[in-house]
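Since the structure comes first, as structure tokens, the remarks are kept for the end.
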Amino acid sequence: MIEKRAAIVLMAPFLLLMSVSIIFIGCSRGDLKETFYRNGKINERWYEKHITPNQIVKVGRYESWREDGTLCEEGEYSASGAKTRKWTVWNRSGQKSSEVDYSFDTSGTLQHEWDNGKLMRSVFYRKPPLSSLHGTWDSSWFETGGLNRVQYGCQTVEWYPDGKKKEEREFEDTLIRNNSGLYSYREKRARLYSEETGRLWFERESLNGITLGEKEWDKDGKLIRSK
């Protein structure tokens, strides 16, 4: 890269000034790195530097492009090589596909997802180790713009596309490992609603993974089962 720039510098004084400017920026942020597609278009651009004699990390601005030249992803690395601030992924039409904000250094990350320009989901993830649902939230929407699902802490609510409530759930705020080695939160309470009538038709209470009781209603709201 340096040899190519040196050759260009010899061709014109103006390019000399421009080349020196680029090299200066690269030196202040770290070593500039670029990769290219076979058609000559740029694929990735980033900076990297040694933080220890044996460890190299990416720092500063990062950008990537598709082979057709459209911007794919952009973001920034911290001086220690961790993702920081906002990282954005773009679709081929130039619209945002997703955005993750790493600015919440002590708590977690905020993520948004779009589909054809429509916001479909917003999530706040707590930083690991994730042992509690406290402080987390997750909202998603239908393509029509109506709410699909909202989770805040230990409680979730879902709706049908027509706006009727679909279900309500509450979870125990303790992360449990099952026999398959996967972690999940045990359900504490569940209330399900009919898509046809909007009435409550099923309810279950649990504690420590054990069902304490269940109730079921018909479409007219009459209790038909209880245990």
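Read-outs: derived from the displayed coordinates by stated rules, not from any lab. Source: prediction; values computed, not measured. Cβ sites come from the backbone with ideal geometry, for glycine too, and all protein chains shown count toward neighbours.
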Exercise. Give me LYS219, LYS58 ranked fewest to most by other Cβ atoms within 10 Å of their Cβ, as a rough exposure proxy.
Key: LYS219, LYS58
Quiz item: Using the Cα gyration tensor of the range 46-123, with a ≥ b ≥ c the square roots of its eigenvalues, what is the shape: rounded (a/c below 1.5), prolate (a/b larger than b/c) or oblate (neither)?
Solution: oblate
Practice problem: Could you work out how far apart the two model spin labels at THR88 and ARG121 are, taking each label as a point 7 Å from the Cα in the direction of the beta carbon, and quote it in nm? | Solution: 2.1
Practice problem: For the range 89-99, just list the computed ³J(HN,Hα) in residue order, Karplus coefficients 6.51, -1.76 and 1.60, θ = phi - 60°, integers in Hz, with x standing in for Gly and Pro. | Solution: 10, 10, 7, 5, 8, x, 9, 5, 9, 7, 8
Self-check item: Principal axes of the range 128-227: Cα extent on each, largest first, Å
Solution: 45, 39, 23
Quiz item: For ILE210 and PHE142, what is the calculated FRET efficiency with R₀ set at 45 Å and r taken between the beta-carbons, to the nearest 0.05?
Solution: 0.80
Quiz prompt | Whole-number percent relative contact order across the range 128-227, with pairs defined as alpha carbons under 8 Å at least 6 apart | solution = 15
Quiz prompt | Theoretical gain in end-to-end length, ARG149 to GLU203 [0.36 nm per residue, Cα-Cα removed] | solution = 17.6 nm
